[in-house]
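Colleague: Dropping the structure in here first, questions after.
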Amino acid sequence: MAEITVSVDGVKYSDHVEPRLLLVHYLREVVGKTGTPIGCDTSNCGACTVLLNGESVKSCAVLAVQADGAEITTIQGMANGGGLHPLQQAFHQEHALQCGYCTPGMIMAASDLLRENPSPSDEEIREGLEGNLCRCTGYENIVRAVRRAAQAGVSK
Ligand code: FES
Ligand code: FES
């Protein structure tokens, strides 16, 4: 077992974990952040995307021990107090989800995209989210939601 200390959504956690434990399993099963779903476990779908020191990563492709000392943000850390994060609001307003399974990962990836490029073209939005799969929406409304959030000046 290895000891790790991480900050998750602004709260510090120290835990003993098996070196092979994936970050997504640590977040869900040890920390209780079940808002981060597992879609494939083979690093294809992007549903498990979180921010690791501000950059989006697929948390099924990272070991928990690799996150030692890091700041992690999950979808559960995005809402501001009682209100939705502007990206969550934009997804809601543009009907950018149906089953919602991909949505946490989409929003985390979109937040990293907007941090790097605050006013992306539609093509850049599609490129930025190409690692995140959605089986329901056809992506059009997702692109519209990210554009709307960009226009609202979201860069978190
Ligand atoms: S569960 Fe991580 S990419 Fe699919
Ligand atoms: S809304 Fe169902 S997978 Fe994207």
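Colleague: Can you list residue pairs whose Cβ atoms sit under 7 Å apart, with the first residue in the stretch 35-62 being open to solvent by 20 Å² or more (accessible area, probe 1.4 Å) and the second being among the basic types (Lys, Arg) and within 16 Å of ligand 2 (Cβ to nearest atom)? Count only pairs 6 or more apart in sequence or on different chains.
Modeller: Pairs found: 43/58.
Colleague: Name the single residue, out of those in the stretch 121-144 being touching a residue at least 40 places away in the same chain (Cβ under 8 Å) and in contact with a Cys (Cβ under 9 Å, 6 or more places away or on another chain), that is surrounded by the most Cβ atoms within 10 Å (Cβ to Cβ).
Modeller: 142
Colleague: Would you confirm whether any residue within the stretch 104-120 is open to solvent by 10 Å² or more (accessible area, probe 1.4 Å) and in contact with a Cys (Cβ under 9 Å, 6 or more places away or on another chain)?
Modeller: Yes, the stretch 104-120 contains a residue that is open to solvent by 10 Å² or more (accessible area, probe 1.4 Å) and in contact with a Cys (Cβ under 9 Å, 6 or more places away or on another chain).
Colleague: Since residue 91 meets every condition but one in (1) open to solvent by less than 10 Å² (accessible area, probe 1.4 Å); (2) in the same structural domain as residue 36 (by TED's automatic domain parsing); (3) within 16 Å of ligand 2 (Cβ to nearest atom), which condition does it not meet?
Modeller: The one condition residue 91 does not meet is (2).
Colleague: Only one of 69, 82, 100 is on the phi > 0 side of the Ramachandran plot and either crowded, with 22+ Cβ neighbours inside 10 Å or more than 15 Å from ligand 2 (Cβ to nearest atom) (or both). Can you tell me which?
Modeller: Going through 69, 82, 100 in turn, the sole match is 69.
Colleague: If you check 56, 14, which single one turns out to be farther than 27 Å from residue 146 by Cβ and touching a strand residue (DSSP E or B) at 6+ places or on another chain (Cβ under 9 Å)?
Modeller: Sole residue among the options that is farther than 27 Å from residue 146 by Cβ and touching a strand residue (DSSP E or B) at 6+ places or on another chain (Cβ under 9 Å): 14.
Colleague: Quick one: residue 147 ticks every box in (1) assigned to a helix (DSSP H, G or I); (2) more than 16 Å from ligand 2 (Cβ to nearest atom); (3) open to solvent by less than 20 Å² (accessible area, probe 1.4 Å) bar one, so which box is it?
Modeller: The failed condition is (3).
Here is a yes/no grid of residues against (1) acidic (Asp, Glu); (2) in a helix (DSSP H, G or I):
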| position | (1), (2) |
| --- | --- |
| 42 | no, no |
| 45 | no, no |
| 76 | no, yes |
| 87 | no, yes |
| 92 | no, yes |
| 98 | no, no |
| 113 | no, yes |
| 120 | no, no |
| 124 | yes, yes |
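The values are calculated or read from the model by the stated rules, or taken from the named source; none is laboratory data. Quick caveat, the model's predicted, so the values are computed rather than measured. Positions of Cβ are generated from backbone atoms using ideal geometry, with glycine treated the same way; all protein chains shown enter the neighbour counts. For accessibility, only protein heavy atoms count, side chains too; no ligands or nucleic acids. Shrake-Rupley method; radii C 1.70, N 1.55, O 1.52, S 1.80 Å.
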